[in-house]
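Structure first, then comments.
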Amino acid sequence: MESETVKSEVIKQVKAQYAIDNARQLIDKVNEHCFEKCVPKPGASLSSSEQTCFTQCMEKYMAAWNQVSATYIRRIQQEH
(Lines give C-alpha, C1' and ligand atoms only; values in the text may rest on other atoms or scores of the structure.)
Protein backbone atom coordinates (compact mmCIF):
# COMPACT_ATOMS: atom_id res chain seq x y z
CA MET A 1 0.00 0.00 0.00
CA GLU A 2 2.88 2.35 0.79
CA SER A 3 4.31 1.99 -2.72
CA GLU A 4 0.93 3.09 -4.15
CA THR A 5 1.10 6.22 -2.00
CA VAL A 6 4.61 6.96 -3.22
CA LYS A 7 3.55 6.31 -6.80
CA SER A 8 0.56 8.61 -6.39
CA GLU A 9 2.73 11.38 -4.97
CA VAL A 10 5.26 11.06 -7.78
CA ILE A 11 2.46 11.27 -10.35
CA LYS A 12 1.09 14.36 -8.60
CA GLN A 13 4.51 16.00 -8.65
CA VAL A 14 5.03 15.19 -12.33
CA LYS A 15 1.60 16.64 -13.19
CA ALA A 16 2.35 19.78 -11.19
CA GLN A 17 5.71 20.21 -12.91
CA TYR A 18 4.07 19.65 -16.28
CA ALA A 19 1.47 22.33 -15.49
CA ILE A 20 4.21 24.76 -14.44
CA ASP A 21 6.16 24.07 -17.63
CA ASN A 22 3.04 24.59 -19.73
CA ALA A 23 2.29 27.88 -17.98
CA ARG A 24 5.87 29.03 -18.49
CA GLN A 25 5.72 28.15 -22.19
CA LEU A 26 2.40 29.97 -22.54
CA ILE A 27 3.80 33.10 -20.90
CA ASP A 28 6.89 32.96 -23.10
CA LYS A 29 4.78 32.60 -26.26
CA VAL A 30 2.41 35.40 -25.24
CA ASN A 31 5.30 37.71 -24.43
CA GLU A 32 7.10 36.88 -27.65
CA HIS A 33 4.04 37.19 -29.90
CA CYS A 34 2.45 40.23 -28.27
CA PHE A 35 5.72 42.09 -27.74
CA GLU A 36 6.64 41.70 -31.41
CA LYS A 37 3.17 42.82 -32.45
CA CYS A 38 2.73 45.75 -30.06
CA VAL A 39 6.21 47.15 -29.43
CA PRO A 40 7.85 47.91 -32.78
CA LYS A 41 10.61 50.05 -31.23
CA PRO A 42 11.44 49.04 -27.64
CA GLY A 43 12.37 51.87 -25.32
CA ALA A 44 12.74 52.52 -21.62
CA SER A 45 8.98 52.20 -21.07
CA LEU A 46 5.79 51.32 -22.92
CA SER A 47 3.52 54.01 -24.31
CA SER A 48 -0.15 53.88 -23.37
CA SER A 49 -1.06 52.58 -26.84
CA GLU A 50 1.60 49.86 -26.54
CA GLN A 51 0.25 48.91 -23.11
CA THR A 52 -3.30 48.74 -24.46
CA CYS A 53 -2.21 46.68 -27.46
CA PHE A 54 -0.19 44.33 -25.24
CA THR A 55 -3.09 43.86 -22.80
CA GLN A 56 -5.60 43.16 -25.56
CA CYS A 57 -3.20 40.81 -27.31
CA MET A 58 -2.60 38.84 -24.10
CA GLU A 59 -6.33 38.62 -23.39
CA LYS A 60 -7.02 37.28 -26.89
CA TYR A 61 -4.13 34.82 -26.67
CA MET A 62 -5.27 33.57 -23.26
CA ALA A 63 -8.90 33.22 -24.41
CA ALA A 64 -7.80 31.16 -27.40
CA TRP A 65 -5.52 29.02 -25.23
CA ASN A 66 -8.34 28.44 -22.72
CA GLN A 67 -10.69 27.39 -25.52
CA VAL A 68 -8.16 24.96 -26.97
CA SER A 69 -7.41 23.55 -23.50
CA ALA A 70 -11.10 23.09 -22.66
CA THR A 71 -11.74 21.33 -25.97
CA TYR A 72 -8.71 19.09 -25.46
CA ILE A 73 -9.82 18.16 -21.93
CA ARG A 74 -13.36 17.35 -23.13
CA ARG A 75 -11.99 15.07 -25.84
CA ILE A 76 -9.74 13.26 -23.42
CA GLN A 77 -12.63 12.78 -20.99
CA GLN A 78 -14.84 11.41 -23.77
CA GLU A 79 -12.19 8.83 -24.66
CA HIS A 80 -12.11 7.44 -21.13
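Specify the angular offset, from 0 to 90 degrees and rounded to the nearest 10, of the alpha carbon long axis of helix 48-79 from the longest principal axis of the alpha carbons in the chain. It works out to around 20 degrees. Per residue, the solvent-accessible area of the chain (1.4 Å probe, heavy atoms of protein chains only, all protein chains present) comes to 87 Å². Annotated for the chain: lysine pairs at least 8 residues apart or interchain, Cα distance under 14 Å, count 4. Matching the structure-derived P(r) over Cα pairs in 10 Å bins from 0, in percent against the labelled list [x] 18, 49, 31, 1; [y] 16, 43, 33, 8, 1; [z] 16, 30, 26, 16, 9, 3 gives the label [z].
Rolling a 1.4 Å probe over the protein heavy atoms of the chain, with every protein chain left in place, gives an accessible area that is 57 percent carbon and sulfur.
Between helix 2-38 and the chain there is an angle of about 10 degrees, using the helix long axis and the longest principal axis of the Cα atoms.
The values are calculated or read from the model by the stated rules, or taken from the named source; none is laboratory data. Just so you know, these numbers come straight off a predicted model, no measurement behind them. SASA here: full protein model, heavy atoms, side chains in, ligands and nucleic acids out. Shrake-Rupley method; radii C 1.70, N 1.55, O 1.52, S 1.80 Å.
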